[in-house]
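Q: Before anything else, here's the structure in question.
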Amino acid sequence: MNRARTMTAIVTLATLAAVVWGAAYMPHAVFPAWLAVCAAWIGWPLGSMALLLVHALTGGRWGDALGPALRGGIVTLPLGLLALAGVMWGARDLYPWLHPDGPLPNGFYLNGPFALGRVVLYLLV
């Protein structure tokens, strides 16, 4: 068991180093893929939370069987929120409206500080 954990840690660190290197040298290739992975990852805890809340509203016995798996899914939410830090790191490469000199008008709603404020508000809620 200890060997498996060691190998997992080595593979995880090597993958993380490759992603950081790719983000630094090829941001247009890494950040769209990172956004897709984050969207796929965060779907499980948010979907679990939605189903658990629906069961709280509707009742029934179906939630008794699914409850432990749904609560386990909700526990993974902080990992998805940590992954969103990578999306914030590459936001300038992902969203053209964050460039004030870009082709899109940069109004009150579409600017960097207000976008970051919205993300913080969403995380708090």
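The values are calculated or read from the model by the stated rules, or taken from the named source; none is laboratory data. Not measured: the values here are computed from a predicted model. All Cβ positions, glycine included, derive from the backbone under ideal geometry; neighbour counts span all protein chains shown. Accessible surface is based on the protein model in full, side chains and every heavy atom, while ligands, DNA and RNA are left aside. Shrake-Rupley method; radii C 1.70, N 1.55, O 1.52, S 1.80 Å.
Q: Leaving ligands, DNA and RNA out of it, rank HIS55, HIS99 by accessible area with a 1.4 Å probe, largest first.
A: Ranked list, largest accessible area first: HIS99, HIS55.
Q: Also, quick follow-up: Among 46-54, 20-28, what's the highest-first ranking by average C-beta atoms within 10 angstrom per residue?
A: Most protected by this proxy first, the peptides run 46-54, 20-28.
Q: In the chain, what percent of the accessible surface is made up of carbon and sulfur (1.4 Å probe, ligands and nucleic acids excluded)?
A: On the way: 6800 of 8980 Å².
The nonpolar share, carbon plus sulfur, comes to 76 percent.
Q: Fully extended, how many nm does the chain gain between LEU82 and LEU94 (0.36 nm per residue separation, minus their Cα-Cα distance)?
A: 2.5 nm
Q: Would you calculate the convex hull of the Cα atoms in segment 5-114 and tell me its volume per residue in Å³? Provide the component values of the computation, followed by the final result.
A: Numbers: hull volume 15.5 nm³, N = 110.
Measuring per residue, one finds 141 Å³ for the Cα hull of segment 5-114.
Q: Turning to a different aspect of this structure: Helix 2-25 versus the longest principal axis of the chain: what angle, 0 to 90°, nearest 10, using Cα atoms?
A: Orientation of helix 2-25: about 30 degrees from the principal axis.
Q: How much accessible area per residue does segment 1-48 have, counting only protein heavy atoms and a probe of 1.4 Å, in square angstrom? Before the final figure, lay out each step's value.
A: On the way: 3570 Å² over 48 residues.
Spelled out: the 1.4 Å probe surface of segment 1-48, per residue, equals 74 Å².
Q: Between 0 and 90 degrees, rounded to the nearest ten: what's the tilt of helix 77-89 against the longest Cα principal axis of the chain?
A: Helix 77-89 and the main axis of the chain meet at about 10 degrees.
Q: Okay, moving on. Once label points are set 7 Å from the Cα along Cα→Cβ at both VAL54 and ALA14, what is their separation, rounded to one decimal in nm?
A: Simple spin-label model gives 4.1 nm for this pair.
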